[in-house]
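The values are calculated or read from the model by the stated rules, or taken from the named source; none is laboratory data. Note that this is a predicted model, so its numbers are computed, not measured. Glycine gets a Cβ as well: all are built from the backbone with ideal geometry, and neighbour counts include every protein chain shown.
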Amino acid sequence: MARSVKPFPTIDPSLSGSGYEKNQAVAVCVKAWRRTFELASLAPGDGRLAPPHDDSTHFANQQAAIAFIDAMPPLSGPQNVSDFIACVAFAMLKHIFRSEESRQLLDVAKVALASIRATSRTPASSVAPPAEPRPLAKKNLLPKTAPELVQNGPSKMQLT
């Protein structure tokens, strides 16, 4: 996903009082956001950490938003999709993402959820059950009795 360079709104780095701790996935994302924000804003004037023309927390916010996205759960399974949506909703409310990024992330979650629902709705009757293995017909290649072998000779044996 391409990242644009539009300015991020000012965000309270503590993200306190939001109740995010109740959802473990959101808590993981917030922890990643906070750690990256703190690291990226240690020396905002240092050109090694932030672009030289950035005199605000723009760079720290941008890097923290990327860390937040990277910490979000994968879109596999209904619980992960639910946690993903919770992370996006939290980020929207706290202005971690711009609205267009949030819409794109929610669109991706909708597709994943639709895919999960489609696979769970596949009726069992449409899927053929595995075929039962049929026992192979056993043919006795040996003569039934020794006298039969003597009477008919080895070339005239009847196989059953």
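Restricting the stretch 75-108 to residues that are aliphatic (A, V, I, L, M) and surrounded by fewer than 17 Cβ atoms within 10 Å (Cβ to Cβ), which is modelled with the lowest pLDDT?
Start the filter on the stretch 75-108 by keeping residues that are aliphatic (A, V, I, L, M), which leaves 75, 81, 85-86, 88-89, 91-93, 96, 105-106, 108.
This time we only want the ones that are surrounded by fewer than 17 Cβ atoms within 10 Å (Cβ to Cβ), so: 89, 93, 106, 108.
Values: A89: 93, L93: 89, L106: 95, V108: 95.
It comes out as L93.
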Among the residues that make up the stretch 142-160, is at least one of them at pLDDT below 90, surrounded by 10 or more Cβ atoms within 10 Å (Cβ to Cβ), of a type in the set (D, E) and part of a helix (DSSP H, G or I)?
yes
Please find, within the stretch 15-69, the residue that is farthest from the chain's Cα centre (by Cα) out of those that are modelled with pLDDT of 65 or more and part of a loop (DSSP other than H, G, I, E, B).
L42
Is it the case that the stretch 86-102 has a residue that's at positive phi and either in a loop (DSSP other than H, G, I, E, B) or aliphatic (A, V, I, L, M) (or both)?
yes
